[in-house]
Amino acid sequence: MDLLERFAGGDVDAFETLFRRHQGEVYGWIVRLVRNPGVAEELTIETFWRIYRHRQRFDAGRPFGPWARRIATRAAIDHLNASAPVWTVRPPTAPPSDPDPVEQRELRGCIERAFVALPARLRAAAILALVEERPYPEIAEALGISLSATKMRVRRAVRALRARLERMGVGP
Amino acid sequence: MSHDDEIDLVARQLRSALPPWDDLEPRVDLWPRMLERLQHQPAPFGWFESALAALILLALAFFPELVPMILYHL
């Protein structure tokens, strides 16, 4: 019996092997969405807990990674819906082109506030597509929606963000 | 402004405020915490508990005069 079949049958050793094999990938996916290492660790545990509880629904003939990523995305969106974001804000890696750092900081603050005000599912689609530049098919699979629905969701996020930024006086 | 231009503009603005996350590995091995969570999972509602609940409900259905007595003892 292979590893995935043993996991689906409730074998804890098989689950541990899968956990160790995929924890980095799941954590990496979640931290991109929630942008906080401590929260991402908690949500990685929560994701694998959901995976373990729903192991009987897992089709051992299909790859484990995309299934885990979909559950991770659901857990991250649940978290974004339930709580105010506690993001670890890091300075940009490239030096700002504008010489006025205060103005740049204010602008970044406006963008961040406008982004945080978006619904969680729009935020998730936008951050994966526009910031992390993940391929659309991968995002669609993780969100559990079609490719066209994913593109539509990103477009809706862009429109909503532009509208909010314009109301804040931030133009193109 | 076309759709693509609008998307590019917003992507640039977003990346200036929220740069792509590059530290994609957990700081520690998370398995010990996972194991702790597994060990503290709530006990499942097994066949014995289900049978007991069914018996109590049946008894109450056939002997409704037991309800006040049970409520008194709760």
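Just so you know, all these numbers are worked out from the coordinates, no wet-lab data involved. Worth saying up front: this structure is predicted, and the values here are computed from it rather than measured. Reconstructed Cβ throughout: ideal geometry from the backbone, glycine too, with neighbour counts over all protein chains shown.
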Could you work out the helix-only [θ] at 222 nm for chain A, with each DSSP H run of four or more residues adding -39,500 (n - 2.57) and the total divided by the number of residues, to the nearest 500 deg cm²/dmol? -22000 deg cm²/dmol
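Hey, what number do you get for chain B at 222 nm if only DSSP H runs of n ≥ 4 count, each worth -39500 (n - 2.57), divided across all residues, to the nearest 500?
Computed ellipticity for chain B at 222 nm equals -20000 deg cm²/dmol.
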Once you place label points 7 Å from the Cα toward the Cβ at B:ASP8 and B:LEU66, how far apart are they in nm? 7.7
Compute the helix-to-body angle for A:37-53: its Cα long axis versus the longest principal axis of chain A, expressed 0 to 90° and rounded to tens. 30
So if I take the centroid of the Cα atoms in chain B and the same for region A:23-53, what is the distance between those two points in Å? 14
Per-residue average of other protein chain Cβ atoms inside 10 Å, peptide A:24-37 -> 3
Normalised per residue, the volume inside the convex hull of the alpha-carbon atoms of the protein assembly as shown in Å³ amounts to 211
Dimensionless Rg/Rh of chain B - Kirkwood Rh, Rg from C-alpha atoms: 1.52
Treat each spin label as a single point 7 Å out from the Cα along the C-beta direction, and report the A:ARG53 to A:ARG156 distance in nm. 2.7
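Among A:VAL31, A:VAL12, B:VAL28, which comes first, second and so on when ranked by fewest other beta-carbon atoms within 10 Å? Provide the component values of the computation, followed by the final result.
Details: A:VAL31 24, A:VAL12 13, B:VAL28 9.
The fewest-first ordering by Cβ neighbours comes to B:VAL28, A:VAL12, A:VAL31.
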